[in-house]
Amino acid sequence: MTTHKELLDLAGIGVGPFNLSLAALLDSIPECHARFFDDKSRFSWHPGLMLPGARMQTSCLKDLVTPVSPTSPWSFMNFLVTQGRFYDFMSLESLVVSRQEFTSYLSWVADNLPSLAFNTPVREISFQKDRFLIRTDNKDFIANNICMGSGKKPYIPPCARTHLSNNCFHATSLNTRRPELAGKRVAVVGGGQTGAEVFMNSLHGLWGKPADIVWISRRPNYEPLDESPFTNQFFTPDYVDAFHGIEDERKAHITQRQKLASDGITPAYLSQMYEELYYQNYVEQGRLPDWQLAPDRELVQMEKNIGGYQLELTNKFQNTRENLTVDAIILCTGFEYCLPEYLEPLLPLIPGGESGQLPLDKDFRVQWDGPGDRKIFAVNAGLHSHGIAEPQLSLNAWRSAKIINNLFQEKHFDLGGKPRLMQWSSWNHISKDGKPRNAA
Ligand SMILES: Cc1cc2nc3c(=O)[nH]c(=O)nc-3n(C[C@H](O)[C@H](O)[C@H](O)COP(=O)(O)OP(=O)(O)OC[C@H]3O[C@@H](n4cnc5c(N)ncnc54)[C@H](O)[C@@H]3O)c2cc1C
């Protein structure tokens, strides 16, 4: 007996902020039958890292919809109005909200969109006859198109991989794990925003008062996020389109040069930290546990013995080796993109896919050997192709709108093409259709 399977125009895998934006924009297109599957029981956004005082690194106007559809009911502004807090919010005079408030907004959207299915892990996607077959724990679906939005995985430095335990773990599970750090010698590894927040919250004794804390950063110093206006141009549609068009070999180098545009510590947070450490060091000694700041160090080896974890660090400033003994290690070492396991049956149809980097066109569409009217999209999977803005929320709505326009081959959202502030592409640049792109 064959069981009837629901046919979808689009199946989304994962409901993080990226696919949630796609779902929110698709809500205005009732003729599209879409479903988005997530393995969690309800919406949450990096709950393990929801630390006290955590703030967004992007404006709340760069929400799920506003940049491409400011009249959508799923905007952050409509959330404020619906919650009855618009006027009080305005008196904050800031567009940078706490991560907790932004999560409340995302959850409000997720709670109200009918196309989302939680508690539904996707196990496998294959192509059968002329459609995608999506196997979940609950039932199977067939879909004409799919969009993968299942996020990234915590990056664990190789030397720490065999040591993962209750005393050596990635920060992504911090809040849910609630570690016991009282009386311990703690190493916080990683010099980005998460490292800063974990260091300060450990210092404040959020998980018990440690004996001492060392904050290790591979970077030459504790470096600020570059939020200046011209740098912010890297997070515009124009820039990302131009970046996509340059030769692949040049892209990694450019992205590396721009690291602090997306991956530094918020300047306000740095100043606040510095002030607190200054007063603790010179005026209010003894209030906090002992601490040490150790920039320009790389964790290269670790071993566990009866005395604790023996860490070996490279001091890159002096080009020497250092040793350190600690009882607990919190890895604030970021995230990495890994091909999702459910994609395995499709991989032979994706040229170059086995390299771990999906070949993505301008519209976030994976190049594959299947029929052209059956499309695979991938979000948060294109740092190598679309550049620095890809893992960020800044262009979330624009990315979703591009996907929708491509999906329907229709201009559901007007994505401009109007002259912008900066000229990224060469005057003489010849586009793929052979026409000079910027000719007068
Ligand atoms: C702590 C933190 C703060 C950040 N703050 C900012 C910020 O302020 N501004 C900014 O621009 N960027 C920020 N970022 C970067 C980026 O916005 C986030 O990483 C964002 O969560 C990426 O969204 P996503 O939808 O791609 O992935 P995720 O949020 O990781 O969502 C993926 C979802 O897919 C689900 N899933 C995975 N596999 C399956 C499966 N097989 N079946 C079903 N579901 C599955 C997961 O459970 C998850 O719910 C932050 C990142 C972190 C870690």
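Overview of results
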{"quantity": "Translational diffusion coefficient (Stokes-Einstein; Kirkwood radius from C-alpha pairs) of segment 34-78 at 4 °C, 1.567 mPa s, in µm²/s", "calculated": "99 µm²/s"}
{"quantity": "Solvent-accessible surface (1.4 angstrom probe) belonging to Lys40, in square angstrom, nearest 10", "calculated": "70 Å²"}
{"quantity": "Share of carbon and sulfur in the accessible heavy-atom surface of segment 215-324 [1.4 Å probe, %]", "calculated": "48 percent"}
{"quantity": "Paramagnetic reach from Tyr279 in segment 192-208 [backbone N under 11 Å; point 7 Å along Cα→Cβ]", "calculated": "none"}
{"quantity": "Value of [θ]222 nm, deg cm²/dmol, for the chain, DSSP H segments ≥ 4, -39500 (n - 2.57) each, nearest 500", "calculated": "-7000 deg cm²/dmol"}
{"quantity": "Cα-derived Rg over Rh, computed across the chain with Rh taken as Kirkwood radius", "calculated": "0.98"}
{"quantity": "Arg55 accessible area, 1.4 Å probe, all protein chains in place, Å² to nearest 10", "calculated": "120 Å²"}
{"quantity": "Restraint check, Lys152/Lys259; Lys5/Lys129; Lys152/Lys251; Lys153/Lys375, Cα-Cα greater than 22 Å", "calculated": "Lys153/Lys375"}
{"quantity": "Relative contact order for the chain, counting Cα pairs under 8 Å that sit 6 or more residues apart, in percent", "calculated": "20 percent"}
{"quantity": "Reachable lysines, given that their alpha-carbon falls under 16 Å from the alpha-carbon of Lys411 and they are not under 8 places away in the same chain", "calculated": "Lys362, Lys402"}
{"quantity": "Principal axis dimensions, largest first and in whole angstrom, of segment 67-156 by Cα", "calculated": "57, 38, 24"}
{"quantity": "Apportionment of accessible area to carbon and sulfur, segment 81-197, percent (1.4 Å)", "calculated": "47 percent"}
{"quantity": "Residues of the chain: accessible area per residue with a 1.4 Å probe, Å²", "calculated": "50 Å²"}
{"quantity": "Extension reserve of the Ile306-Arg123 stretch, reckoned as 0.36 nm per residue once the Cα distance is removed", "calculated": "61.8 nm"}
{"quantity": "Relative contact order [Cα under 8 Å, 6+ residues apart], segment 274-364, whole percent", "calculated": "13 percent"}
{"quantity": "Carbon/sulfur fraction of accessible area - segment 358-409, other protein chains in place, 1.4 Å, %", "calculated": "45 percent"}
{"quantity": "Cut-off 12 Å, label 7 Å out along Cα→Cβ of Ser98, residues of segment 231-272 by amide N", "calculated": "none"}
{"quantity": "Segment 32-97-segment 157-232 distance, computed between alpha-carbon centres (Å)", "calculated": "26 Å"}
{"quantity": "Point-to-point label distance, Gln423-Ser271, nm (Cα→Cβ direction, 7 Å offset)", "calculated": "3.6 nm"}
{"quantity": "Potential extension, Lys5-Lys139 segment - 0.36 nm per residue separation minus Cα distance", "calculated": "47.4 nm"}
{"quantity": "Backbone N under 17 Å from the Arg178 label point (7 Å along Cα→Cβ), restricted to segment 11-51", "calculated": "47-51"}
{"quantity": "Accessible surface of Tyr337 - all protein chains present, 1.4 Å probe, nearest 10 Å²", "calculated": "60 Å²"}
{"quantity": "Kirkwood-Stokes translational diffusion coefficient of segment 325-408, alpha-carbon pairs, 37 °C, 0.692 mPa s, µm²/s", "calculated": "226 µm²/s"}
{"quantity": "FRET efficiency, Glu354 to Gln409 (Cβ-Cβ, R0 41 Å, nearest 0.05)", "calculated": "0.85"}
{"quantity": "Spin-label model distance (nm) - Glu341 vs Gln83, 7 Å beyond Cα toward Cβ", "calculated": "3.6 nm"}
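The values are calculated or read from the model by the stated rules, or taken from the named source; none is laboratory data. Keep in mind it's a predicted model, so treat the numbers as computed, not measured. Reconstructed Cβ throughout: ideal geometry from the backbone, glycine too, with neighbour counts over all protein chains shown. Remember, those area values only see protein heavy atoms, side chains included, never the ligands or the DNA or RNA. Shrake-Rupley method; radii C 1.70, N 1.55, O 1.52, S 1.80 Å.
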